[in-house]
Amino acid sequence: MRAPGEEWQGLREYRNSDPPRHIAWKQSAHAETLLVKEFADPVSDAVCLDWFALPLLDPETRISRLTAWVLAAQAEGLSFRLILPESEMGPGSGDEFCAQCLAKLALLP
């Protein structure tokens, strides 16, 4: 059974460490090798922009740095998470998600 948040990604060749329940039996029957279902976890694939990763900076500088990172992630089209002292957003991407993150940053004391 897949963990919450994992999404179907595709098929790949079987490795000894793969659990038997991930074997794609129907597709393997048509191929000359065993194939397994591969899943991606969007949470772990997202870039993490973390307030707590900047402990040496004062709050205003942290806000400025995180704002720059949010804008850079948006410009690159990356999926990202924003972790703040009182909340966590994401993972997400796109203009609306970016605007929500910038609003959260703007409201920090």
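Just so you know, all these numbers are worked out from the coordinates, no wet-lab data involved. Please read all numbers here as calculations on a predicted model, not as lab measurements. Don't worry about glycine lacking a Cβ; one is built from the backbone with ideal geometry, like all the others, and counts go over all protein chains shown.
Structure notes:
- In this simple spin-label approximation, LEU54 and ALA31 carry label points 7 Å from Cα along the Cα→Cβ vector, and these lie 4.4 nm apart.
- Of VAL70, VAL47, VAL36, the one that fluctuates the most in a GNM where the chain has Cα springs shorter than 10 Å: VAL36
- When PHE52, PHE97 are sorted by how many other C-beta atoms sit within 10 angstrom of their C-beta, beginning with the fewest, the order is PHE52, PHE97.
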